[in-house]
Structure formats: structure tokens, C-alpha cells
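Everything below concerns the one structure shown next.
The values are calculated or read from the model by the stated rules, or taken from the named source; none is laboratory data. The structure displayed is predicted, hence computed values, not measured ones. Ideal geometry is used to build each Cβ from the backbone, glycine not excepted, and the neighbour counts take in all protein chains shown.
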Amino acid sequence: MRLNRIALHGFRNYEDFSAEFSPEMNVICGENAQGKTNLVEAIAYLSGAKSHRARSDQELIGFSRREASIQAEVESRGREFLIHVSLRKQARRTIEVNHVKLKKASELSGVLNTVLFCPEDLSLVKDGAAVRRRFLDDAISQLRPKYADALARYQKLLDHKTRILRDAAEKPSLLSVLPEFDEGLARTGALLIHYRAHFIRRLNSHAMTIAADFSGGRDSLALLYETVRTIEDPFAPPLLLYEQIREHQEQHKRAEFASRSCLSGPHKDDLVAELDGISARQFASQGQSRTIALSLKLAERELFAEDTGSFPVLLLDDVLSELDAKRQDFVLERIRGGQVFLTGCSIPHFERENHRVLAIEQGRLLS
Ligand SMILES: Nc1ncnc2c1ncn2[C@@H]1O[C@H](COP(=O)(O)OP(=O)(O)OP(=O)(O)O)[C@@H](O)[C@H]1O
Ligand SMILES: [Mg+2]
């Protein structure tokens, strides 16, 4: 799986830009605020139709522009794809693959997969559960379009239910539609739990091996899935999961009214990491938690390769300089075999055939 060419028009600080890439290592270098992360963001957008740092697509459009586009040539699963994303200030975005307009963004998941690792991810283990849910959601959405669809449905229902709970004090009649939303949330939530449980089990087996390699066999990592309390076994058939979510909803009805927020459902899930049976979030050292975060991302990459038959595009934004020499070497060694984009203010020292250096200055390619 690889990205051969990209062209950006009006995307963030890129007025008119195009570049060709090496199928192996691409080093994007330049001073601060020149557009390195913007380029990585554009590449990641091609896989999930979502930015990892923008709240809306509008932010991606150049300040002085009314529209933006990303065009890309991708080789994937033995075929060639032309992706064309158009973003407009006043209208809906459109995404075309080989000149055919996609009905849903989730259809992109069959084209290009990316794994992104940025400095914020180094605190994946220590941060709140929301960042780990996002990690899970981004990864599973890329592999399973049905998951991406279910997630979008769930989010809509959840937003709606939250509004009802918030406004019900002034307008009690709103509460009459609540059972409908609970029903929908439980049905969709059961699907999310089903996919997450299976994904985490597979992620765990890869992450465990990687973390052990990292520490010379010292660290024994385990990933556990924490979900709705009434669920006894997240691998149970979705119908049973549905019933157990319903039970939890019943138990929390009063508390939801009182707090005016949704307390029940997989939007509270967590991915728990343990080292030697002890919570990493509470007890791991800085270095250990960074290593776990890295192991999770590298495990995600392995899992994608297992599912699709080739490595996803790996995007390492500014992350190498944050690691000590030993971890840098480990990562560089471990990521052989797929296409990589690596950003930084300087060119890292490594011997790699087929690597291309792209120097970026103010949204332009210098070389
Ligand atoms: N919508 C936009 N339109 C125009 N310029 C933008 C837009 N969004 C961001 N920028 C500008 O893009 C510039 C480059 O941002 P980017 O995050 O890519 O820098 P970087 O090269 O990764 O820098 P660093 O090394 O500090 O991470 C910033 O100065 C920012 O103001
Ligand atoms: Mg940056």
C-alpha cells in the first residue's frame, strides 16, 4: 500500500503543491510552521476522511481560499486509485475514487490505510480514556466500514439524547422520545462493543510481542477492554450485548436525569494497559508509558498488514526526536517493509536506501 503522488490546492498553507514520494522512506523536513504537519494531515485525511487535529473541515481550507482539494495517486491491493477530495466553504465536501463519487466516507477504508503517530500519542497511556477510544475508533474504522457507519450512527444518537437530557427540564415533553433513542443506542452500541472486543484481542497479541522485544523481555504488557459494567462477556452475540446494555441503561436512568448527561454506553469505554498485571496508567514510568504507546501503534500497523496483505502507510510526525536513541533505532528497524513519512526539523541520521528527502518552506517544496 503506498501513496505515489499528492497535489494540494488551497489546503491549509499549501497554495499549489505537488510532490512524488518514495515507496519506502520519505523524510519531510523544514523549520517550524512551514507545513510539515499539514502535509501529514492531508495524507491521513485520505484514509479516514477526517483530520486528527481539526474540529471541522473548514479549518483545512486556506485562510484566503473558498475551497481546497487533495488529489492523490495510490497503489493498494494490486490496483491503482485516484482519490480526489474537494472541500468547500459553503457546501458539503465531495470525495471521488477513480472519478466515482463516494456515497459515504467509510467507503474510503478499502483504498488507503494509514497509521499516524504524533507527539501527543506518546501520552496515550497516561491521558484520559477519550484518547484511547479515539485510537480504537480510528483504527477499526479504517479496517471495517461497517464499524465506521455504526460509529457515526451512534454519535448522532448520542448527541441527540444529550440534547434531550439537557433541555428536558424546560421542556418535559421531549422525554417521550427518549426510549426510542435508548433503544437505538443499545442496538448500535452492541455492534461497537462486538468490534472493539475482537480488535483489542488481536491488537493485544501483537502489542505484547512488540513490548517484550522493546524491553529485552522484561515488560509483560496486556491490553484489556473495559466496557459497560453489566456486560459479562464482550465476545457474546450482539443480541445479548444489547440486552445487557439495556439493563445498564435502566439502572442509570435516574442518574442520567439528575446529571443531564448520558452515563450508559460504550462512549465510556476504555482500553486498559497493564504491565505485569498492574495498571500502566497509574504506575508505569514515563519511559514505560511511551514504550507502550509505541507498541500500540506498531501493533496497529502489524494488524492492518495482517488484514489487508500489505503494510499501511506509516506517518511519524515529529515523533522520532522525542524518543531516545535506543527507541529511535527500535522503531526504524521495526518499520521496514512499508512506506513511511517522517517529519522533523532536521534529517535523522540513518542509512536507508530509497529514501527521499522533501524540504518544505512556507507550503512549498524546495527540493
Ligand atoms: N487553514 C489554514 N490556512 C492557511 N494557513 C494555515 C491554515 N491552517 C494552518 N495554517 C498555517 O500553516 C503553518 C504550518 O503549520 P504546520 O503545523 O504544518 O507546521 P509544521 O511545519 O508542522 O511546524 P512544527 O515544526 O512547528 O510542527 C502554520 O503557520 C499555520 O498558521
Ligand atoms: Mg508539525
message = Would you confirm, using the coordinates I've provided, whether LEU223 is farther than 28 Å from PHE257 by Cα and either modelled with pLDDT of 95 or more or surrounded by fewer than 19 Cβ atoms within 10 Å (Cβ to Cβ) (or both)?
response = yes
key: Every pair of residues 6+ apart whose Cβ atoms lie under 9 Å, when the first sits in the stretch 31-46 and is within 12 Å of GLU361 (Cα to Cα) while the second is within 6 Å of ligand 1 (Cβ to nearest atom) and of a type in the set (Gly, Ala, Ser)   = LYS36/GLY30
inquiry  = Cβ-Cβ under 6 Å, sequence separation 6+ or interchain: first residue in the stretch 4-20 and within 14 Å of ligand 1 (Cβ to nearest atom), partner modelled with pLDDT of 95 or more and of a type in the set (Phe, Trp, Tyr). Which pairs?
reply    = LEU8/TYR14; LEU8/PHE17
note = Checked the stretch 106-121 for anything surrounded by fewer than 20 Cβ atoms within 10 Å (Cβ to Cβ) and under 16 Å from GLY287 (Cβ atoms); matches are PRO119
query = Restricting to the stretch 349-366, what's the tally of residues that are within 16 Å of ligand 1 (Cβ to nearest atom) and more than 29 Å from GLY110 (Cβ to Cβ)?
reply = 9
ask   = When you look at SER346, is it within 30 Å of GLU15 (Cβ to Cβ), touching a helix residue (DSSP H, G or I) at 6+ places or on another chain (Cβ under 9 Å) and either of a type in the set (Gly, Ala, Ser) or exposed (fewer than 14 other Cβ atoms within 10 Å of the Cβ) (or both), yes or no?
value = yes
In the stretch 11-56, residue farthest from ligand 2 (Cβ to nearest atom) [restricted to those that are under 21 Å from VAL357 (Cα atoms) and out of contact with any strand residue (DSSP E or B) (no Cβ under 8 Å at 6 or more places or on another chain)] = ASN13
message = Here is a check on your reading of the model: is SER64 assigned to a loop (DSSP other than H, G, I, E, B), under 27 Å from LEU320 (Cβ atoms) and not hydrophobic (A, V, I, L, M, F, W, C)?
response = no
key: Residues located in the stretch 196-216, provided they are surrounded by fewer than 21 Cβ atoms within 10 Å (Cβ to Cβ) and either within 20 Å of PHE330 (Cβ to Cβ) or of a type in the set (Asp, Glu) (or both)   = ASN204, SER205, HIS206, MET208, THR209, ALA212, ASP213, SER215, GLY216
task = Give the number of residues within the stretch 218-257 that are in contact (Cβ under 8 Å) with a residue 24 or more places away in the chain and of a type in the set (S, T, N, Q).
result = 3
query = So which residues in the stretch 71-94 are among the charged types (D, E, K, R), surrounded by 11 or more Cβ atoms within 10 Å (Cβ to Cβ) and part of a strand (DSSP E or B), if there are any at all?
reply = GLU73, GLU75, ARG88
query = Within the stretch 28-45, can one find any residue that is assigned to a strand (DSSP E or B) and within 16 Å of ligand 1 (Cβ to nearest atom)?
reply = yes
note = When the stretch 300-348 is checked residue by residue, the ones that are closer than 12 Å to VAL115 by Cβ, part of a loop (DSSP other than H, G, I, E, B) and within 13 Å of ligand 1 (Cβ to nearest atom) are VAL319
task = For the stretch 346-367, enumerate the residues that are of a type in the set (A, V, I, L, M, F, W, C) and at pLDDT below 85.
result = ILE347, PHE350
query = From the list GLU333, GLU274, GLU322, which one is under 27 Å from LEU192 (Cβ atoms), among the acidic types (Asp, Glu) and under 24 Å from the mean Cα position of the chain (by Cα)?
reply = GLU274
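Rundown of residues vs (1) crowded, with 20+ Cβ neighbours inside 10 Å; (2) among the charged types (D, E, K, R), yes/no style:
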position	(1), (2)
ASP16	no, yes
ALA19	no, no
GLU24	no, yes
VAL27	yes, no
ASN32	no, no
GLY35	yes, no
LEU39	yes, no
ALA42	yes, no
GLY48	yes, no
key: Pick from the stretch 255-293, criterion at pLDDT 95 or above and of a type in the set (Lys, Arg), ranking: farthest from ASP213 (Cα to Cα)   = LYS268
